[in-house]
Amino acid sequence: MNASTPSPLLVVGAGIAGVTAALEAAEAGREVVLIEREPTVGGRVLRSHHYFPKLCPPSCGMEINVQRLKRNPRVRLMTNTEVVKADRSGDDWTVTLKTAPAYVNERCTMCGDCEAACSVKVPDPFNMGMCEVPAVRMPHPDAYPQRYVMDREALGGEAQKVADACKYGAIDLDATETEETLTFGAVVLATGWHPYPLENLTELGGGVLPDVVANVMLERLRAPAGPTEGKIVRPSDGRPPKRVAFVQCAGSRDVNHLAYCSGICCLASLKQATYVKEQLPETEVTMYYIDRRTPGRNEKMLTEVSAIEGVNLVKGKVGKITAGAGGVMDLRVENADTGELLEAQADLVVLATGMESNLKGTTSPFQPRMDEDGFALDDPDRKIFVAGVARRPEDVASTVRDATGTAAKASAAAGGKR
């Protein structure tokens, strides 16, 4: 009898959950194909300024993972790649992967000559469209693979000029889409999340008032590589706010929006309150909440932030935000204890929008089992396993733990192939 050869794993999504699952499986001896629909790995974690529990830049942890990826020959990373077909074939999955054209290829040295030759600007997807960037560029400072990306359609007639500026022949304007069909012993879905759309919260000024932003947008405003180079300012006029209001459960725990609590929004707002006070110590910060959920050791942050002078925590539900006189915004707040209606004002409002699974409302070729909130469930019989926020809302540390366990379950399920 021949020795058993382990079947490879497919990990879909290269955010912190997918990268962790892929590395843990590979370092235990399993061959892994890690795919990501974006041009770089890291997902939403890299869009944060600081993250829990150490409140350090996320690039610190991702840099270690990138080095692990580079060193591990068992992980095959495929960016700009999506699953277009998946079929059960005996005990395995037969999966067709589609990779978008690589207009900038592995010859790229990131010299910047192509960017210098480019005059076309596009909304910056990394900074959530809050600024514009050249149509050929590095996706962001911590990008891996370290390679420029090109918005071919936006360049239009300027594409050839940009290609001619590259002395390394790294730009291929004739690149085409490719497909590849592979067989896998098990599948890990680490497809991540997106913030609940701001535009769905018009009663709170979302998508209507320019100085109402989502919590994820404030992370980019504070980040040095963000649209304002780290300055917390009002999008409408670029001025620092004198009063900042954090509105908790913006669209969460609400039958009209998201029925569930995302679990980390209170902590995120407390963290962001420190962003404001560290940079703008005279600014008044008010956090309107229904409940303060900071479990375990994170209770320390609640204690510390609530003690900062100029930070006020008000138990109340914000029901309406409208434009006021002089560029300020008027908030209508219901006191959660007394039912009394209060009026308040702010120069900048930050909505704590919840986390939605990227699988919600989509038709995945794997047809995973889903719960009532749109999060995926493990399906051991079909050898499908879920990691990170594709499974449930959680912070980075919890995601890493979850992905490690998922890697073990998927590796065991894949077994050997005779």
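What follows draws every value from the coordinates through simple rules; no lab data is involved. In this text the structure is predicted, and so the values were computed from the model without any measurement. Quick reminder, even Gly has a Cβ in these numbers, built from the backbone with ideal geometry, and neighbours come from all protein chains shown.
For the stretch 113-164, the gyration tensor built on C-alpha atoms gives an oblate shape. Its axis ratio a/c (a ≥ b ≥ c) is at least 1.5, and a/b is not larger than b/c.
If neighbour count is taken as other Cβ atoms inside 10 Å, put Ile64, Ile171 in order from fewest to most.
The fewest-first ordering by Cβ neighbours comes to Ile64, Ile171.
Assign one of three labels to the chain, namely rounded, prolate or oblate, based on the Cα gyration tensor with a ≥ b ≥ c the square roots of its eigenvalues; rounded applies when a/c is under 1.5, prolate when it is not and a/b is larger than b/c, and oblate otherwise.
Here the chain falls in the oblate category.
Using θ = phi - 60° in the Karplus curve 6.51 cos²θ - 1.76 cosθ + 1.60, the 3J(HN,Hα) couplings for the stretch 218-228 round to 5, 4, 6, 4, 7, 6, x, 8, x, x, 10 Hz; x is entered for Gly and Pro. Report the calculated FRET efficiency for Glu203 and Thr303 (r = Cβ-Cβ distance, R0 = 25 Å), to the nearest 0.05. So, using R0 = 25 Å, E works out to roughly 0.20.
Restricting to bridges with both residues inside the chain, how much of the DSSP beta-bridge set is antiparallel, in percent to the nearest 5? Please report the intermediate quantities before stating the final value.
Values: 43 of 77 bridges.
In the chain, DSSP labels about 55 percent of beta bridges as antiparallel.
A simple charge model with +1 on the Cβ of Lys and Arg, -1 on the Cβ of Asp and Glu and nothing else charged puts the dipole of the stretch 66-213 at about 720 debye relative to its Cα centre.
Here is how the number arises for the chain: DSSP H runs of 4 or more residues each give -39500 (n - 2.57), the sum is divided by the residue count, and the result at 222 nm is -6500 deg cm²/dmol.
Annotation: the residues Thr322, Thr40, sorted from fewest to most other C-beta atoms within 10 Å of their own C-beta, follow the order Thr322, Thr40. Dipole magnitude for the stretch 113-164: computed about the Cα centre from +1 point charges on Lys and Arg Cβ and -1 point charges on Asp and Glu Cβ, it is near 60 debye.
At most 12 other Cβ atoms within 10 Å and a DSSP loop assignment: could you name the GluC sites (Glu not before Pro) in the stretch 334-396 that fit?
Values: sites: Glu334, Glu340, Glu343, Glu356, Glu372, Glu394; in loops: Glu340, Glu372, Glu394.
Filter output for the stretch 334-396: Glu340, Glu372.
Overall shape: oblate for the stretch 248-346, with the ratio a/c of the largest to smallest alpha carbon gyration tensor axis at 1.5 or above and b/c at least equal to a/b. Sequentially through the stretch 12-18, phi angles give Karplus couplings (6.51, -1.76, 1.60; θ = phi - 60°) of 9, x, 10, x, 4, 5, x Hz, Gly and Pro residues having no value and appearing as x.
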